[in-house]
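Here is the structure we will look at, set down as structure tokens.
The values are calculated or read from the model by the stated rules, or taken from the named source; none is laboratory data. Computed from a predicted model, the values in this text were never measured in an experiment. Note: ideal-geometry Cβ built from the backbone for every residue, glycine included; neighbour counts use all protein chains shown.
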Amino acid sequence: MLSVLALTSVVLLGIASQTTAIVVYTSWERHALVGSDVRLSCSFFSWQWTSPDVTFTWHYRPDGAKDNIAIFHYGGGVAYADNKGPFRDRLEFVGNPNRRDGSIVIKNVDYSDNGTFTCDAKNPPDIVGRPSSVRLLVFEKVPVQAGVITGAIIGVVLGLLILIVAIYYLMRFLVARRVFSLSMSKHGKKGKGKEGSQQKQALAVTDPAKLKAAASEKKKQESRREKK
Amino acid sequence: MLVLLAAIFILHIACICVLLAATIHNAWWMTDTVSTDIWARWTLGASGNWNYTEIPNNYPTEYLQAVQASSVLACIFCILGLFVFVAQLYTLPKGKRFLFTGAFQLLAWLCIMIAASIYTDIFHKGENGWYGASFILAWIGVCLTLISCITYFVLRKKTA
């Protein structure tokens, strides 16, 4: 009895805590080339319906600095982009708040844009939650991501191996089937009198060199029948 | 006969151990304060603790990833070869050679030789330091897999 009560209370607590926390998702890191445009995506998960008062806020903290500055805010259906700070005229809101997307695009990135961007989303009445950060790294030449080439090489080699083994077994299966059908057709065509010799002939055909000759002979017989 | 079988089995297991140790342990190149490659770098901090850090960006990444890939493939082929050997012990007709197992060991030899050769030729030219345990084990792995491969190509299953 007590255990059932304990279990139900834990389950209810779990559900209750889930309905009051908002979870914000961004990428972990973004790599960009100098001078290119980079899209920083932000979305959230919430148990409530998307409210018309949903807000998105982006903060920026340069590498090595201690404090955040706000660079973007969306609230009450209006987007406010940075017009005084380091991103004036370079920030554009490309998200769709109705679909819980609060992404922004930063144009013409430079080395001074290296830093951490934090997205905070609030969906009233669901406002308790942790903001999520994405790190921007600006490169002159985008380096190869760790493990891409490694994974590609391993995958290709193993794939080729499996393919070769599969083709080998398929060829063996096809050859065996041809031998079987060949022996059956000879058995059925020439009747019972010459059964013994025909069976010996069919078994002798398992030799691959003779098999090709037998196969070509069968094809000639079939073409002769077609001509008739 | 059983002694020979046991010896070949132990040789194959030794190959696997050597290859796994060379691939997993990050000790291809060492200095007094650094033990590095092929996955990450251990640096000795001022307080006497070893810290696990990333390999710096000035490494040629394509070659490093090629070494990573081929050493992992060598381990995979060697382990698969063990299972194939056990399977062939039961299914091979008497008097035949263990060709399939030998093929897997040949592939493993090829891969670990590629890995060790690329590493020796490309990395740490003219630097102060010495080659670590994993590097030596990789080259020992080259020899062991070659011996194992030749054994499988020569060995025949016992005729009754």
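Considering A:Val205, A:Val175, the condition of being at pLDDT 85 or above, surrounded by 11 or more Cβ atoms within 10 Å (Cβ to Cβ) and touching a helix residue (DSSP H, G or I) at 6+ places or on another chain (Cβ under 8 Å) is satisfied by A:Val175 alone.
Filtered by the rule that a residue be touching a residue at least 12 places away in the same chain (Cβ under 8 Å), away from chain A (no Cβ under 11 Å), farther than 30 Å from B:Met1 by Cα and outside any loop (DSSP other than H, G, I, E, B), the range B:51-106 gives B:Tyr52, B:Thr53.
Within the range B:1-39, take every residue that is in a loop (DSSP other than H, G, I, E, B) and more than 20 Å from B:Ile114 (Cα to Cα) and give me the one that is nearest to the chain's Cα centre (by Cα).
Only one residue fits best here, namely B:Thr31.
Among the conditions (1) more than 9 Å from chain B (Cβ to nearest Cβ); (2) at pLDDT below 90; (3) closer than 30 Å to A:Arg61 by Cα, A:Val144 misses just one, which is (1).
If I ask for residues that are in a strand (DSSP E or B) and surrounded by fewer than 14 Cβ atoms within 10 Å (Cβ to Cβ), which ones from the range B:40-50 would you list?
Once the filter is applied, which keeps residues that are in a strand (DSSP E or B) and surrounded by fewer than 14 Cβ atoms within 10 Å (Cβ to Cβ), the range B:40-50 yields only B:Trp50.
Filtered by the rule that a residue be basic (Lys, Arg) and modelled with pLDDT of 95 or more, the range B:83-125 gives no residues.
What strands (runs of 3 or more DSSP E) completely inside the range A:64-156 contain at least 3 residues that are crowded, with 18+ Cβ neighbours inside 10 Å?
Details: elements: A:69-75, A:78-81, A:91-93, A:104-106, A:115-122, A:128-130, A:132-139.
It comes to A:69-75, A:115-122, A:132-139.
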